[in-house]
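To keep things clear, I will list the structure first and then write my remarks on it.
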Amino acid sequence: MVPGGLDQAIILHCRPYRESSLFVDVLTRDHGRLRLLSRGARRGRHPLSRILRPFNRIRLSWTERGELPVLTLAESLGSGAELRGSAMYCGFYLCELLICLQPLHDPHPGLYALCEATLARLESTDDVERTLRRFEIAFLEEIGYGLRLEEDVEGQAIQSDRRYAYDPEHGASETTAASVGGCQGATLLALRRGLLEDDIQLREAKHLLRSVLAHHLNGRTLKSRELFKPLSGRINHES
């Protein structure tokens, strides 16, 4: 498929451009992440005004004229994920991670499927903690930053009853139980299986993945995390 043909996409973010247009970030199935200009989309009765919203699934085409691709067609593929409350903020977090860490024009069908499945899961479950942890692990794997969760830096199998520090570049190394930070081997093994079993594992997994993602974000702050602060007392979660 070449630019101009139809592709499926999930809308990640829209922001105003000049008086009546939009910049639209999308994750497409066949072409990866794109940033497109939608001319006139903010005009009162423009047909795209209800379609170009985060989490919506669309069929689209575009042209490569000059430096900025221009959206030429967008059709709804049915209602997107109807996210509310904490799930909505989790959706914003998911989309921002994709924008920050996934390069433009890098095809990733597996990433598209992961995003689609995670948004659907956020819509249908109250367990946003486990849903986000599963997404983060799979996301890092898809973009080439997968965690080593089976063995430590010495090549020894992770032991559930031992404690480990995790370096994003090298992996897990055994540490003392009294060390600040780190996590149980059981948490690393649970992350590998995708089955976080208790509150300790959930808490340790969140801190571990936040540290790894912060490393790859290279100091960039996620705006979506600020959205969690008013809800932190209710959901005990800052993404």
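Within the listed set Asp25, Asp106, Asp199, the Gaussian network model of the chain (springs between alpha-carbon atoms below 10 Å) gives the highest mean-square fluctuation for Asp199. Per-residue 3J(HN,Hα) values for region 23-40, derived from phi via the Karplus relation 6.51 cos²θ - 1.76 cosθ + 1.60 with θ = phi - 60°, read 8, 10, 8, 10, 10, 8, 6, 10, 10, x, 7, 10, 10, 10, 9, 10, 6, x Hz in sequence order (x marks Gly and Pro).
Each Cα pair under 8 Å and six or more residues apart adds its separation to the average, and for region 85-235 the resulting relative contact order is 23 percent. Could you compute Rg(Cα) / (2.2 N^0.38 Å) for region 141-180, with N its residue count? Against the empirical 2.2 N^0.38 Å value, I get 1.21 for region 141-180.
Projected onto their three principal axes, the Cα atoms of region 45-125 cover extents of 42, 33, 18 Å, largest first. Of the two radii for region 72-179, the radius of gyration is 1.08 times the Kirkwood radius, both from the alpha carbons; that is the Rg over Rh value.
If the Kirkwood radius is taken over C-alpha pairs of region 7-76, then at 37 °C and 0.692 mPa s the Stokes-Einstein diffusion coefficient equals 278 µm²/s. Computed from the C-beta positions of Arg225 and Phe23 and an R0 of 22 Å, the FRET efficiency is 0.50 to the nearest 0.05.
Within region 48-90, what residues put their amide N at less than 16 Å from the label point 7 Å along the Cα-to-Cβ vector of Asp30? Residues 58-64, 72-75 qualify, since their backbone N sits under 16 Å from the label point. Kirkwood Rh over alpha-carbon pairs of the chain, then Stokes-Einstein at 25 °C and 0.890 mPa s: what D in µm² s⁻¹, rounded to an integer? In µm²/s, the coefficient is 128.
Quick note: the coordinates plus some simple rules give every number you see, no bench work behind them. This one's a predicted model, so the numbers in the text were calculated from it and none came from an experiment. Note: ideal-geometry Cβ built from the backbone for every residue, glycine included; neighbour counts use all protein chains shown.
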